[in-house]
Amino acid sequence: MKLSKYYMPTLREDPQDAEIASHKLLVRAGMIRKNVSGIYTYLPLGYRVIRKIEQIVRQEMENSGSIECLLSAVQPAEIWQASGRWDTFGPEMFKLHDRNERNFCLGPTHEEYFTTVIKDNIRSYKQLPLNLYQIQTKYRDEKRPRFGVIRAREFIMKDAYSFDTGVEGMEESYMEMWRAYERSFDRMKIDYKIVEGDSGAMGGRKSHEFIALAESGEGEIFYCTKCDYAATDEKAAVDYKFEETDELKELEEIHTPDIKTIEQLEEFLKIDASHFAKIIIFKHISGEIIAALIPGDRELNEIKLFNAAKVNSFDMESASEEDIFKLTGAKAGFSGPIGLKDAKLYIDERLTKMKNLVVGANKDDMHIKNTNYKRDFDGIIVKDLLQAREGDICPKCGNETHIERGIEIGNIFQLGTKYAESLHASYLDKDGKENPIYMGSYGIGVSRTLAAIVEQFHDENGIIWPLIVAPYQIIITLINKKDEQQTRLATEIYEELKAKGYEVLLDDRDERAGVKFNDRDLIGIPLRVTVGKKASENIVEFSKRTDMKNEEIEKSILFDYINEAFLENEVIFL
């Protein structure tokens, strides 16, 4: 493709609303453009990368035995109502109705739809296992779209669904998808970790996430370097150590004037925060008050609390000062667990074994020392309500855990019979008995993966595409198109490369050399050929975007250099 006829609107400056490298560079490189908040157009170069990612995913899905199809993005409300997710999925779902007032949604995911597709046709165990997938645009009305295509309201996703006769088959399908994902991301050269995840709105019994490591990532992952333990911040288990004692002391009220924070209380009482129990109060959309009691030196993991309470996070908000006063009779900062009658109190299990804790007294400017579980307060016990942090003990091997940030690019879920039972998808076993189908759900964020690759492969000059996903493999820079010998040699190389099947750009624009070099660096084409002053001698410059070291070589050996680069990148060229 000749750049003189190509649409590649590059920019010199970063877009004002871009916060991270991938957003800045994809816009500047003329690969994406924002239409409105969270909705993007993929321009020619960007869409070529999308198609490369899709091609890899398709190949590995087909290798794993999954079969491609395409379902509508418009889904009837009835199937979501049957599964119970029409109301519980939350405000992220785009809902609409037709001229007959029938309700629909724009699909944020397709568990229900795929279940309805197979349920009337799968009748016998002989038809299982089955795995179907699609690559399609999904829609979620994100409250705060950000980071370009990473947190968007419209995004491209590969979603697959497995159907099996039982738990063992479901687990086999799960691992088959796990391996397919590893192969896909390995081929894309992505640095990633596989971590235990929270099943969230999907439901089911087990889930894992594939996280591309990036400092700009929205989420944190906790992992151990001594064993294979890894989990998202929503799921990471906390092994909290504390001193145990059997001695119970008498309650003692303490005047703590205007002491509202843990840090202030530590300083005032000269007692470490690990001997405090702090309460965090939330209000459900229904008006119900839910509170969590945790050790004073730790932070609450809200997802763990909401899962324990079986509520959706979008239905919860922090209690207002007015709510807190109505509940406790005291201003915020002095709330405690004693005497709470109008709230569901969830207690981190560690507090049931800790003695003589300092808590708020539910009176202005007052705290209470020596409070103890059962004797002084009670509630619903939860094994773990704490947010993990750097250096926590690995729950699997006892060593320290570490934190890295990352971007979720894939997830896999064992759904069990959740959707089969609600949507009546069953099969007849060998004995003619009817059984629910066991399902798995598997997603790859194609557009997210595009951004994740850029986050991992860029420098101050622009993008550095891995050869396998680059929009074009080779770019020929013609320094002076008015020079007949340069134009002849550049065109000759261009035509020969095309004839051999390479994906090649020829920068034949009537622009200064500096502009062409800057654009070449920015768009990140892996292999670069520069045709300049030595064209009359059939000598060109060859370089790679990874190191940008120019080497003068004769045109006769150029193809050897290119083939060697393909072998180095483990890209098979046919």
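Where the centre of each part is set by its Cα atoms, how far does the stretch 14-78 sit from the stretch 159-219, in angstrom?
19
Could you do me a favour and compute the accessible area per residue for the chain, 1.4 Å probe, result in Å²?
Solvent-accessible surface per residue comes out at 46 Å².
Based only on the alpha carbon positions, what is the Kirkwood hydrodynamic radius of the stretch 452-574, in angstrom?
After inverting the mean inverse Cα-Cα distance, the result is 14.6 Å.
At 20 °C and 1.002 mPa s, grab the translational diffusion coefficient of the stretch 261-324 from Stokes-Einstein with a Kirkwood Rh over Cα pairs, rounded to a whole number in µm² per second.
166
Can you list the HN-Hα couplings for the stretch 327-335, worked out from phi with the Karplus curve (6.51, -1.76, 1.60; θ = phi - 60°), rounded to whole Hz and with x for Gly and Pro?
6, 10, x, 9, 6, 4, x, 10, 7
Give the ranking of Ser274, Ser162, Ser37 by solvent-accessible surface, highest area first, calculated with a 1.4 Å probe.
Listed by decreasing accessible area, they come as Ser37, Ser274, Ser162.
Considering the dipole of the chain built from charges on the beta carbon (Lys and Arg +1, Asp and Glu -1) around the Cα centre, which of Phe163, Leu327, Thr41 is farthest to its positive end?
Thr41
As I understand it, the dipole of the stretch 384-460 uses +1 on the Cβ of Lys and Arg and -1 on the Cβ of Asp and Glu, about the Cα centre. Which of Ser422, Leu386, His458 lies farthest toward its positive end?
After comparing all options, I get Ser422.
What Cys residues in the chain are without a partner cysteine, judged by a Cβ distance under 4.7 Å?
Lacking a cysteine Cβ partner under 4.7 Å: Cys69, Cys105.
Heavy atoms only, probe 1.4 Å: what % of the accessible area of the chain goes to carbon and sulfur, would you let me know?
Answer for the chain is 46 percent, counting heavy atoms of protein chains only.
Over every pair of different alpha-carbon atoms in the stretch 406-455, take the mean of 1/r and invert it; report that Kirkwood radius in Å.
By the Kirkwood definition, the hydrodynamic radius is 13.3 Å.
How large are Rg and Dmax for the stretch 54-144 when only the alpha carbon atoms are used, in Å?
Rg then Dmax for the stretch 54-144, in Å: 15.3, 46.
Hey, what do the phi angles of the stretch 187-196 turn into as Karplus ³J(HN,Hα) couplings, whole Hz, using 6.51/-1.76/1.60 and θ = phi - 60°, x for Gly and Pro?
Calculated HN-Hα couplings, in order: 5, 7, 6, 7, 8, 9, 10, 9, 10, 5 Hz.
Under a point-charge model restricted to the Cβ atoms of Lys and Arg (+1) and Asp and Glu (-1), what is the dipole moment magnitude of the stretch 305-392 relative to its Cα centre, in debye to the nearest 20?
The calculation lands at about 520 debye.
I'd like the FRET efficiency for Asn538 and Arg12, computed as 1/(1 + (r/R0)^6) with the beta carbon distance as r and R0 of 41 Å, rounded to 0.05.
For R0 = 41 Å, the calculated efficiency reads 0.75.
Over the stretch 467-530, how many percent of alpha carbon pairs lie in each 5 Å bin up to the one with the longest distance?
Calculated P(r), rounded to whole percents: 4, 19, 29, 24, 17, 6, 1.
So what's the convex hull volume per residue for the Cα atoms of the stretch 368-499, in Å³? Write out the running numbers ahead of the final one.
Details: hull volume 50.2 nm³, N = 132.
Given the Cα convex hull of the stretch 368-499, per-residue volume reads 380 Å³.
List, in the order given, every pair from Lys304/Lys369; Lys189/Lys555; Lys260/Lys326; Lys158/Lys235; Lys310/Lys374 whose Cα-Cα distance in the structure shown is over 20 Å.
The pairs that break the limit, which is 20 Å between Cα atoms, are Lys304/Lys369; Lys189/Lys555; Lys158/Lys235; Lys310/Lys374.
On a C-alpha basis, how far is the centre of the stretch 527-566 from the centre of the stretch 232-289 in Å? Whole number, if you could?
Cα centres, the stretch 527-566 to the stretch 232-289: 66 Å.
Kirkwood Rh over alpha-carbon pairs of the stretch 320-437, then Stokes-Einstein at 4 °C and 1.567 mPa s: what D in µm² s⁻¹, rounded to an integer?
Calculated translational D: 67 µm²/s.
Once R0 is set to 51 Å, what does the formula 1/(1 + (r/R0)^6) return for the Cβ-Cβ distance between Lys260 and Asn550, expressed as a FRET efficiency to the nearest 0.05? Spell out each step's value before the answer.
On the way: r = 63 Å, r/R0 = 1.24.
Rounded to the nearest 0.05, the efficiency is 0.20.
Nearest 20 debye, what's the magnitude of the dipole of the stretch 207-313 about its Cα centre given +1 on Lys and Arg Cβ and -1 on Asp and Glu Cβ?
420
Evaluate E = 1/(1 + (r/R0)^6) for Ile285 and Val117, where r is the Cβ-Cβ distance and R0 equals 25 Å; express this FRET efficiency to the nearest 0.05.
Values: r = 33 Å, r/R0 = 1.34.
After rounding, the FRET efficiency stands at 0.15.
What order do Ser318, Ser543 take when sorted by accessible area (1.4 Å probe), most exposed first?
Reading off the accessible areas and sorting them downward yields Ser318, Ser543.
For the stretch 60-65, take each phi angle, set θ = phi - 60°, evaluate the Karplus expression 6.51 cos²θ - 1.76 cosθ + 1.60, and give the result in whole Hz per residue in order, putting x for glycine and proline.
Computed from phi, the couplings for the stretch 60-65 are 6, 5, 5, 4, 8, x Hz.
With bins 10 Å wide starting at 0, give me the P(r) of the stretch 203-269 over every alpha carbon pair, in whole percents.
In order of increasing distance, the bins hold 13, 25, 23, 22, 18, 0 percent.
Can you list residues whose amide H is under 5 Å from Lys331's amide H, if they're 5+ apart or on another chain and H is modeled 1.01 Å from N?
Residues meeting the amide H criterion: Asp364.
The values are calculated or read from the model by the stated rules, or taken from the named source; none is laboratory data. Note that this is a predicted model, so its numbers are computed, not measured. Reconstructed Cβ throughout: ideal geometry from the backbone, glycine too, with neighbour counts over all protein chains shown. Calculation scope for accessible area: heavy atoms of the full protein, side chains included, ligands and nucleic acids excluded. Shrake-Rupley method; radii C 1.70, N 1.55, O 1.52, S 1.80 Å.
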